[in-house]
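Data block below; observations after.
The values are calculated or read from the model by the stated rules, or taken from the named source; none is laboratory data. What you see is a predicted model; the values in this text were computed from it and never measured. Methodologically, a virtual Cβ is constructed for each residue, glycine included, from the backbone with ideal geometry; neighbour enumeration extends over all protein chains shown. For accessibility, only protein heavy atoms count, side chains too; no ligands or nucleic acids. Shrake-Rupley method; radii C 1.70, N 1.55, O 1.52, S 1.80 Å.
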Amino acid sequence: MSTITSTKELTYLRILFFTFGLGIMSWVPRFPEVKDALKLTNGGFGSLISTGSLGSLISLLTVGHIVHRIGVKRVLYAASFFLMATLIILTSVESSLIFFFANIAFGAAISAFHIAINAQGFNYQDRTGNSLLRR
Amino acid sequence: MSGLWSAGALITAFISGFLVDRVSLETHVGVLVLVIFLIQSVVISSLTPELLKANQEIDIDYKLKELFVGFSFD
């Protein structure tokens, strides 16, 4: 299998981090529109949004082991897909129940992507000796 | 790397703020999501030779029980 230079690898990792932030924060300034679509009060919407941490907790417990078992590539592909799919659901749905489950999946996908990309970052750091991530 | 994540988050927040009342939420998020997913797919595919592979050593294996036994807050 062909390899890529460490400079290219670093550039690709940078693109992944950048697009990760670009994607997951895109809907935050538009929360009022999402809240209106769900017909919720501020308190109700705030409570519903915080349920994302449930999915995040599940991912934090399991994804490190999944990366260990199936590798970074498949986790990154799956996390990227679920991130984007759930983001579309979250911004178009009018049912609080569907939003609740989509938000848990969104939180889980965020953590999964985060864990996989950082695992790769630490691996890059160990291989090249370049300081990339803070321990 | 966290700086790049933050830069992405900040840029998208500005763009989103600008698009409010100009472009519908569905169109905005739909187009953005499609572009980002395509970029990430190409990048992950290009990174494949260097991406961490699955563990091949059977003696280094985690059990489901260890997920919960080893969990702690610090």
Rounded to the nearest 100 Å², what's the accessible area chains B and A bury against each other, both chains counted, probe 1.4 Å? 4600 Å²
Once neighbouring chains are kept in place and the probe is 1.4 Å, which whole percent of the accessible area of the protein assembly as shown is contributed by carbon and sulfur? 66 percent
Rounded to the nearest 500 deg cm²/dmol, what is the calculated helix-only ellipticity per residue at 222 nm for the protein assembly as shown, with -39500 (n - 2.57) per DSSP H run of length n ≥ 4? -25000 deg cm²/dmol
Relative contact order of region A:3-128, defined on C-alpha pairs under 8 angstrom at six or more residues apart (%): 36 percent
Which whole-number value in Å² is the accessible area per residue of region A:3-128, probe 1.4 Å? 44 Å²
Average beta carbon contacts from partner chains per residue of A:85-98, 10 Å cutoff: 2
